Each structure stands twice: as C-alpha cells, then as structure tokens.
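Reviewing the structure listed below.
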C-alpha cells in the first residue's frame, strides 16, 4: 500500500532505479525509498560499472527493463549538491535510446544538460525533474489552518524522517483515520506522486511552500509531513526552520539514529541529542502553533540486532517518559507511538 | 562616504528613485536607504499619481532626470512578494523612452515582463535585476573561516538591520579598521555595489551563499553583514537562520524598534523581546561559531524625541548591562556600541 498524496504529478511507471556510480549507501536513499515504499512500481536496478551499492532488485539493462514494461529510469541517487555526474551520461543516454523517460530529483535539471535534451528529443522521450517546485508559491502568512498536522523532525539528514512519516501514514490509514502523506523531497514525491521539493524553493518562499503543502482540512484530518534537514545542520537549518514554521505542526516526532555522533558529510559537527532537538523544535515551533507537542521519538536501529534494539527502545522510553519506537521494526512500541501521536 | 564592498556589479549611475504607487512608508525602505547612504548618486524621485510617500528629494520626470545626468531609474519599493505592479508600467516605459536603464531588486524579474523587455530592446536600454543571485553557489560546508564577522540580528523585518550594519561599517572604517559591508538584500546591494540577495537563493544553498559572502580574510579584518528577516518571523525565519549559520558571526548586534509590538504585515504575531532574540541568536549561532557573543543592541528610536530617546537608551543600557544605541543618533552611546563590537 502506498500512502495517498495529491496527484499533482503523473509520472510514467514502472521505474528502473539508477544508482549512478556511488559506493556509499547513504547516497542511495532515493533508490532505497522507492524499493521500500513503491516496490510494485520498480522492475529492477541499473548502475555504472564499479558501483558497490545495490537495492537487491534484479540488475537490468535499459533494454531488458523496457522489455519488462519499465517506462522510466529514475535517478536513485541523492548526492551532495544534487548534481548529475558526467560518468552517468552513457547510462542515461542508453536509457533514452531504449525508450525510457528519465525522472530526476537532483538540483541540476535534466533539461539543462544539452546531450540529454538532444537525445530525449531525438528519441521522443521526456526528461522529468520532480525537484522543480510549482510556480506562484506565496509568501507565508502565518494564518492558523484547520485540520491536524504532524511533522517529523530530525537530528540530521538521512536519519529516518521520511520513513517515519510514511510508516505513521500507513498506521493512521490502517486505523481508518483520514490522512495524507505530504512529501517535501524528491524521493517522497516519487513515492507519493505529489508534494513540494521544499529545499528547491527560493528561500523567501520556503515557509509559504510549507503552508501550501498542507492546506486547510477537516478538523479530524491529519497531514503527516516529511521533515527535511535538521534545525542544527550548518547547511540546511534554514530549510528545516521554514518547514517547521510553515507546517504549524500540532505534533512533532523526533527522528534520530543512536550511535551516530557526527553530522553526515560536514566534518567537525557533532549530532545534537534527542532531548536538545525536542526542546528546540518545540520552542521554535510554538511560534506558529502554540499547542505544539512532542508525541515521541523514532529511532533508526537498523544497525542493531533485534534484542539490542528492543533494550534500547525500552531504556529510551523510560528515560524520556515518551513513546520511543523504530517504525521499521513495528511492534508494540510503534503502536504506542502511533497512539501518542493521535491522542493529545 | 559609502562603505566599500566587492564590485561584482557595475550599476549605471546616478539614479532616479521610483516610488511606485505606495502609500505606506514602510515599503519605501529601498528608496530611503539610497537617499541616506548613497545620496550623491540620487538625482531625484519619481512616482505614480496618488503616491503619498516621498524621500524628500526633488520630484523629476524621467525626461527631467535624464537632463540632470541620471542614467538609471531604480525601483525603490520593497513590497511583500516583490512584484512589479501593473500600475507602474506607464512610468517604467516612460523611463526607458527617456533613455534610462531600469534597476530592480524585486523578486519578479524585469526581463520576464514582455512589454518592458520589448521597450528596453527598442530603446537600447538595460533591465538590471540585482536580486538575481550569482550562479554556482555551493552547499555550506560549515568550515570556520578566518577573519572577524559581525551580523545584525533583528526582531522583525524593516527594523534597522541594514542601517545598523552600514553605520557600524562607517564607524569601523573611521577608526582605520579594515572592514567590508556585506549586503544581503536589494537595497544594500544597490548601496554597496555588490553582495548576494540571500532571500532569492534556493533554500538549500542559502547558508552556502552566506558562507560565500564573507570569505576567509586577514585575522584583523571585519565583515559587517546585513541581517535579514527574523529568527521568529513566520515567513522569513529560515532565511535568517541560514544567514546566521553561514555567517558564523563572532559578534551579533540585536536590532529592535521600541514600541513596535507586532510583526509587520503578518496579523496575529507579537514581536519578540530584545532579550529573547539575543538568547535565541546566541544559542543557534553557537552551532557554527562557539565563541559568538552579543556586543549590544541597536534601537530604532526615529519615532521618539531626542530626550525620550536618550532616556530609553540609558534605561536599556542599565537593564541589559550591554551597550545600547541608536546608530542614526550617534553620540557617546553609539561610540560605546562600536567599542563593544571591537573589544571582546
């Protein structure tokens, strides 16, 4: 089941996932996200020679993927700066020649790369940039909107904010609660088929984009909003604060990875604690929603065995006196987190 | 004397200041800024019929201004959303016909307005958008840069951050200290002849833009950086936080207007206190510069008589145990603020 979202994009499907030439799994979160949350729409993966990261899906050339029904190659890499590497060009050109469209969530626009533009025109294929924000985003007005909102808030990038939001959306829907997943990044948009790439919006309009993303709704309707960056990230804190203020969340869930003690990709920056991030998010979030509360904590325990993870979740639940769960492990802890989100 | 800045723009001068059709002086801060800080480059002002705001400079038609040597009409309005109103078009077209270029700091790009583009081409004039950020801004890397930095931090927009930075720059230069004024908004860029329009940068790159704006410098060199927005502004907080983190200020000066108790243009939002903003700026700023300190407070007392202003500055100096001054009034209080900025 894929959580629903406004259908402001109609992407060609199914996808062939492209991993570029990466050797660090942290940069494959787009591909992993599609595998985990939209697997029925992924026929396989493709990559340059030398790539060491895999989604576990079958490796298919563009010609093989087309034969299996694929309609688009999705760039499944989220590197720093969001650029399309020169080394990927032969692979991308071969996809267009094989009859696939290309979908990208990178900062660099496909249409700005002359050889791709020419090859797409020659082969009658489309170049689709999901990171391109909609036109006419307004300046934020700070007006309190109706309906309920939840925002996932992280201590770093790539720490579980999107997965947590997707898992909570599934759980809310499973309980019969009217809920929308609101995507703010390229992978979320690919999964949901809609959303606004908040970090690609001009800075003055970022909070306005967040307001637009979760419009007025019925009093018992929930918008579950994918967080971005971190309020203490030296490069992305501005995006995170604009998203927090524009989202006006009633509930935040703090997302963290126990054991990660450094900001990813920014030498010299330690990670904030869960406690510090919770206090900061509530303090700043109160500005646009005075009744904001923290429902609990989502811990990414992928690197722990089941027993260690369970012990840690229990310890943190006790220490913080809040619901603490790993949504990817589910179980009673996650049910308690869902309950804590719903029940004020 | 105009504070120096990197000459990455070479604007046609002198200017004719254009006030559009506004009736609220708060929206004329661009025109007022040029009058106050680059008066020798302004021949007069021009406006649509019905405009009630004036800079006090002589009213000149574009033809009259051209005869007095003007080379460009500068749009001196900073409205919400940064759009060019349809009502201004006859005035703008008459400027091009009179032989003036048009310089704009609005979000809307002059070149995107077809009749202006056509008239500029027909008359051989230029349309110059100073709000267009430079290409290839990097993602912030958080690396501590050499040299000293001061950032003005405000409790609201249009509260004195730019004026404070300009006044401090003049005072530093008058003391023989190597200093650059770093402009982050359209007016500052027009005054300085360089800078980066931080709020026009794509959100992901805003902190990177702030890093680029004040590069490594000699240990005793000061960059005095024009603040933007407010960390508690529901629309612009993200811009302010990106600027704070990217600027890595050693010193902040809090800018406030006593008596203003509401955020300008955003109904329902009270202004934070000086104390609250100081504490928040130091707490968040510590992330990229652990030795950040607040040197004092700049109060905009334009609405008070001289005695009331002096009393208030003395009271606040006593209450906060910090240097508190109104840079526009200068005097001993401002000298103490300058000293407090320089002396750790």
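Data table
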quantity: GNM result for chain A, Cα springs below 10 Å: residue of A:307, A:220, A:24 fluctuating most strongly; calculated: A:307
quantity: Pseudo-label separations to other copies for residue A:94 - Cα-to-Cβ vector, 7 Å, nm; calculated: 6.5
quantity: Exam field: residue A:112 pseudo-label spacings to other copies (7 Å along Cα-Cβ), nanometres; calculated: 1.5
quantity: DSSP bridge orientation in chain A - percent antiparallel, rounded to nearest 5; calculated: 5 percent
quantity: In degrees, nearest ten, helix B:237-247 long axis to first principal axis of chain B (Cα); calculated: 70 degrees
quantity: Of B:48, B:157, B:294, the one that fluctuates the most in a GNM where chain B has Cα springs shorter than 10 Å; calculated: B:48
quantity: Helix A:161-174 axis, angle to chain A major axis (alpha carbon atoms, nearest 10°); calculated: 70 degrees
quantity: Virtual paramagnetic centre 7 Å along Cα→Cβ of residue A:143, amide N under 11 Å, in segment A:191-226; calculated: A:216
quantity: Shielding of B:238-251 by partner chains, average beta-carbon count, 10 Å; calculated: 5
quantity: Per-residue mean of C-beta atoms belonging to partner chains within 10 Å, peptide A:227-237; calculated: 6
quantity: Diffusion constant of segment B:197-277 at 25 °C, which comes from Stokes-Einstein with the Kirkwood Cα-pair radius and 0.890 mPa s, µm²/s; calculated: 176 µm²/s
quantity: Of A:327, A:58, A:197, the one that fluctuates the most in a GNM where chain A has Cα springs shorter than 10 Å; calculated: A:58
quantity: P(r), alpha carbons of chain A - 10 Å bins starting at zero, rounded %; calculated: 6, 26, 34, 24, 10, 1, 0
quantity: The protein assembly as shown: radius of gyration and largest Cα-Cα distance (Dmax), Å; calculated: 26.5, 84
quantity: Shielding by partners, peptide A:193-205 (average Cβ within 10 angstrom, other chains); calculated: 6
quantity: Chain B: angle of helix B:306-320 to the longest principal axis, Cα-based, in degrees nearest 10; calculated: 40 degrees
quantity: Part-to-part distance (alpha-carbon centres) for segment B:249-280 and segment A:281-312, which is given in Å; calculated: 30 Å
quantity: Rounded to 5, percent antiparallel among DSSP beta bridges of segment A:148-342; calculated: 5 percent
quantity: Chain B, relative contact order in percent, only Cα pairs under 8 angstrom and at least six apart counted; calculated: 16 percent
quantity: For residue A:308, inter-copy label distances in nm, listed shortest first [label point 7 Å out on the Cα-Cβ vector]; calculated: 6.6
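Every number in this text was worked out from the coordinates using simple rules, so none of it is lab data. Since this is a predicted model, take the numbers as computed values, not measurements. Quick reminder, even Gly has a Cβ in these numbers, built from the backbone with ideal geometry, and neighbours come from all protein chains shown.
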